[in-house]
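J.: The structure under discussion is supplied below as structure tokens; questions concerning it will follow.
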């Protein structure tokens, strides 16, 4: 059985490689073996699963996953951490042959080597948590709309967890909630205290379980639907007829599109579910198709997090 890292061993490895955790990278490493076991258990992984882990750091969660699944793809942006991880696995009686380490920015990842991951389980860097999730789900989504990633579990800042699972009409409902719903349902399944990390952060953490599902039925592409979502939340206090005026060609056109979609033009974006955003995008495409043409679309993950700058 793989031996999990304890606080002393974690610090020894960090000292060996000259690592000083930085807020810029959101580096807070789990030091408590019971927390690692809790994450793996709540992730509901199966023995034959291939799991993607973003930001493995010093390897605390990686070791726990290797005891529970067939293979782990670890994506690590820091060269010194990526280089050290296989050695750590071997030293802790794990099997490095079941680990693939990719040194890369997860947001720039274009493919995984085989075997392909079916779940994501990660202690995500909090300042990029939602953009990374959206990128991974999009990367693994089949062209036919079938389930790509079957789900997984992520540890994120507590308030980000709230946003991921928020209901329409709530204060925390926004871009992260709606876009994640394209790929998966989300449920908060636990909390993690700051004291289990090194260094100790100033915020609590939440565990969010994701359950993948097929892409929703839509006559327009995901990119076009997401553009409508971005516009609707760009000015939260505005009614939709005003918030969507820019992409519809004016408030009158926006009103026509919304009414055709069965949506109240005086409603605000925070009231709409994903299906309603899809209906708006479909009717915008039907009434003024040029407004959603690809050359007008500039994919941008920076506004998808709904998060404040890194605190963790």
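The values are calculated or read from the model by the stated rules, or taken from the named source; none is laboratory data. The model shown is predicted, which means the values in this text are computed figures rather than measured ones. Reconstructed Cβ throughout: ideal geometry from the backbone, glycine too, with neighbour counts over all protein chains shown.
J.: Looking only at the range 181-196, which residues are outside any strand (DSSP E or B) and in contact with a strand residue (DSSP E or B) (Cβ under 9 Å, 6 or more places away or on another chain)?
T.: Residues satisfying the conditions are 183, 193, 194, 196.
J.: Same structure again: Taking only the range 70-110 into account, find how many residues are assigned to a helix (DSSP H, G or I), without any contact (Cβ under 8 Å) to a residue 60 or more places away in the chain, in contact with a helix residue (DSSP H, G or I) (Cβ under 7 Å, 6 or more places away or on another chain) and within 16 Å of residue 128 (Cβ to Cβ).
T.: Looking only at that region, the number is 1.
J.: Right, something else. Which residues, counting only those in the range 203-225, are touching a helix residue (DSSP H, G or I) at 6+ places or on another chain (Cβ under 7 Å) and farther than 17 Å from residue 140 by Cβ?
T.: The answer is 203, 204, 205, 206, 207, 208, 209, 218, 219, 220, 224, 225.
J.: So, residue 178, is that one part of a helix (DSSP H, G or I) and either within 25 Å of residue 275 (Cα to Cα) or without any contact (Cβ under 8 Å) to a residue 24 or more places away in the chain (or both) or not?
T.: Yes; evaluated as a whole, the condition is true for this residue.
J.: Would you check if there is a residue in the range 167-174 being part of a helix (DSSP H, G or I) and in contact (Cβ under 8 Å) with a residue 24 or more places away in the chain? Working first, answer last.
T.: Quick first cut of the range 167-174, residues part of a helix (DSSP H, G or I) only: none.
So far as the range 167-174 goes, no, none of its residues is part of a helix (DSSP H, G or I) and in contact (Cβ under 8 Å) with a residue 24 or more places away in the chain.
J.: Only one of (1) assigned to a loop (DSSP other than H, G, I, E, B); (2) surrounded by 20 or more Cβ atoms within 10 Å (Cβ to Cβ) fails for residue 147. Which number is that?
T.: In the conditions (1) assigned to a loop (DSSP other than H, G, I, E, B); (2) surrounded by 20 or more Cβ atoms within 10 Å (Cβ to Cβ), residue 147 misses (2) alone.
J.: Follow-up question, since we're still on this one. So, in the range 57-69, how many residues would count as being in contact with a strand residue (DSSP E or B) (Cβ under 6 Å, 6 or more places away or on another chain), without any contact (Cβ under 8 Å) to a residue 60 or more places away in the chain and part of a loop (DSSP other than H, G, I, E, B)?
T.: Going through the range 57-69 one residue at a time, the tally reaches 2.
J.: Can you find a residue in the range 26-47 that is at pLDDT 95 or above, assigned to a loop (DSSP other than H, G, I, E, B), under 14 Å from residue 122 (Cβ atoms) and in contact with a strand residue (DSSP E or B) (Cβ under 9 Å, 6 or more places away or on another chain)?
T.: The answer is yes; a qualifying residue exists.
J.: Can you find a residue that is at pLDDT 95 or above and either surrounded by fewer than 20 Cβ atoms within 10 Å (Cβ to Cβ) or farther than 20 Å from residue 206 by Cβ (or both) anywhere in the range 119-129?
T.: no
J.: What is the number of the single condition among (1) over 14 Å from the mean Cα position of the chain (by Cα); (2) closer than 30 Å to residue 195 by Cα; (3) at pLDDT below 95 that residue 145 does not meet?
T.: Residue 145 satisfies all of (1) over 14 Å from the mean Cα position of the chain (by Cα); (2) closer than 30 Å to residue 195 by Cα; (3) at pLDDT below 95 except (2).
J.: Related question: Can we say residue 132 is in a strand (DSSP E or B) and more than 21 Å from residue 11 (Cα to Cα)?
T.: So residue 132 does not fit the description; no.
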